[in-house]
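First up is the structure itself, then whatever we jot down about it.
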Amino acid sequence: MKSRDEQNLTSKEAKEFLKIQDCELAHIRNSGKLKFIKKGNAFLYKRESLEAYKKALL
């Protein structure tokens, strides 16, 4: 089982995973379509949420 930090991706990793730019990631996050936590100034995205969003695009 993965640790909590391994289940969360940074913004950079999330952008690479979804193949999108900063602005688009922010729009998706702000629309509530991705689950995330904020740690200081960083956003950490739930891997399951990213996978579900990517699957919904197909």
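Details
- Beta carbons closer than 8 Å, at least 6 apart along the sequence or on distinct chains, pair a first residue in segment 11-34 that is within 15 Å of Lys55 (Cβ to Cβ) with a second that is of a type in the set (Ser, Thr, Tyr) and part of a helix (DSSP H, G or I) for Leu18/Tyr53; Ile28/Tyr53; Lys33/Tyr53; Leu34/Ser49; Leu34/Tyr53.
- Helices (runs of 4 or more DSSP H) (entirely within the chain) containing at least 1 residues that are touching a helix residue (DSSP H, G or I) at 6+ places or on another chain (Cβ under 7 Å), at pLDDT 95 or above and among the small types (Gly, Ala, Ser): 11-18
The values are calculated or read from the model by the stated rules, or taken from the named source; none is laboratory data. Since the model is a prediction, treat every value here as computed from it, not as a measurement. FYI the Cβ positions are ideal-geometry reconstructions off the backbone, even for glycines, and counts take in every protein chain you see.
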